[in-house]
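Input: a single structure, listed below in structure tokens.
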Amino acid sequence: MSGQIYFVSGIDTEIGKTYATGFLAKLWTEQGKKVITQKLIQTGNADISEDIEKHREIMGQGWFQEDHEKLTMPEIFSYPASPHLATRLDNREIDFQKIENATQTLAERFDIVLLEGAGGLMVPLTTSLLTIDYIAQHQFPVILVTSGRLGSINHTLLSLEALKSRGLKLQALVYNLKDESKDPLISQDTSNYLKDYLAIHFPETEWIELAKMN
């Protein structure tokens, strides 16, 4: 029996997806679940995924055997850009079958696989395939990361509308408090607004708050 795969996305780049992925992996591991993280496509690196490294740091663990096998980082491109551009600059295409096989192998070995995407839901993986298309193909439940910075309400609601239009399940909305200090008033109002919005439009979705990063 395969474990549960969750796709971790965000409302924007630099919103805290990697931190949230590592945090949830640590939390659920401490609750007795066997959890691993995977990076769908890593750009801006060579050989090793810096996001997977960050996950392990947050989890307080060393490398998994699956990291050494590259199952957690099956596709890495050198230029720090959207995958559709990074692949063109590296002059090679994404091997989606390789990624899917790696994800399935992880799901066979672990209770939970947290599959972190690159950027937001509408980031193009290729010129004809968006991240949300890939999620829809596999019907992954989504964990969406947002924050309290100015503009987050707009970006969050747009992301939620995109998920709803594809009939995708929103498993959890993760509220990252790392930007709260910039304007606590906006952050608190954004939190209240989004919680009320979820209660009406996504009543089965879990609300998770992450403490500020050090």
* To do: Evaluate the stretch 104-118: report whether one residue or more is at pLDDT 95 or above, more than 19 Å from Gln4 (Cβ to Cβ) and crowded, with 19+ Cβ neighbours inside 10 Å.
  => no
* Restricting the stretch 119-140 to residues that are surrounded by 15 or more Cβ atoms within 10 Å (Cβ to Cβ) and of a type outside the set (A, V, I, L, M), the residue that is farthest from Leu24 (Cα to Cα) -> Thr126
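For every residue, the table says whether it meets (1) at positive phi; (2) in a helix (DSSP H, G or I); (3) out of contact with any strand residue (DSSP E or B) (no Cβ under 7 Å at 6 or more places or on another chain).
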site: Ile15; (1), (2), (3): no, no, no
site: Ala20; (1), (2), (3): no, yes, no
site: Gly32; (1), (2), (3): yes, no, yes
site: Ile36; (1), (2), (3): no, no, no
site: Lys54; (1), (2), (3): no, yes, yes
site: Lys70; (1), (2), (3): yes, no, yes
site: Ala81; (1), (2), (3): no, no, no
site: His84; (1), (2), (3): no, yes, no
site: Ile94; (1), (2), (3): no, no, yes
* To do: Would you kindly identify the strands (runs of 3 or more DSSP E) lying entirely within the stretch 96-177 that contain at least 1 residues that are within 18 Å of the chain's Cα centre (by Cα) and of a type in the set (Lys, Arg)?
  => none
* Asked: Yes or no: Phe64 at negative phi and in contact (Cβ under 8 Å) with a residue 60 or more places away in the chain?
  -> no
* To do: Output the number of the condition that Ser181 fails; it satisfies all remaining conditions of (1) closer than 18 Å to Glu14 by Cβ; (2) at pLDDT 95 or above; (3) loosely packed, with under 14 Cβ neighbours inside 10 Å; (4) out of contact with any helix residue (DSSP H, G or I) (no Cβ under 8 Å at 6 or more places or on another chain).
  => (2)
* Could you tell me which of the residues Gly3, Gly44, Gly32, Gly10 is surrounded by 20 or more Cβ atoms within 10 Å (Cβ to Cβ) and either at pLDDT 95 or above or polar (S, T, N, Q) (or both)? => Gly10
* Structure fact -> Taking the stretch 58-68 and keeping residues surrounded by 13 or more Cβ atoms within 10 Å (Cβ to Cβ) and either part of a helix (DSSP H, G or I) or among the β-branched types (Val, Ile, Thr) (or both) leaves Ile58, Met59, Glu66, Asp67
* Give the residues of the stretch 38-52 that are assigned to a helix (DSSP H, G or I) and within 22 Å of Leu130 (Cβ to Cβ), sorted by residue number. => Asp51
* Structure fact -> Checking Leu158, Leu150 in turn, the sole residue that is surrounded by fewer than 17 Cβ atoms within 10 Å (Cβ to Cβ), of a type in the set (A, V, I, L, M) and at pLDDT below 95 turns out to be Leu150
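The values are calculated or read from the model by the stated rules, or taken from the named source; none is laboratory data. Only a predicted model underlies this, so the values are computations on that prediction, with no experimental measurement involved. Here Cβ is always computed from backbone atoms with ideal geometry, including for glycine, and neighbour counts include all displayed protein chains.
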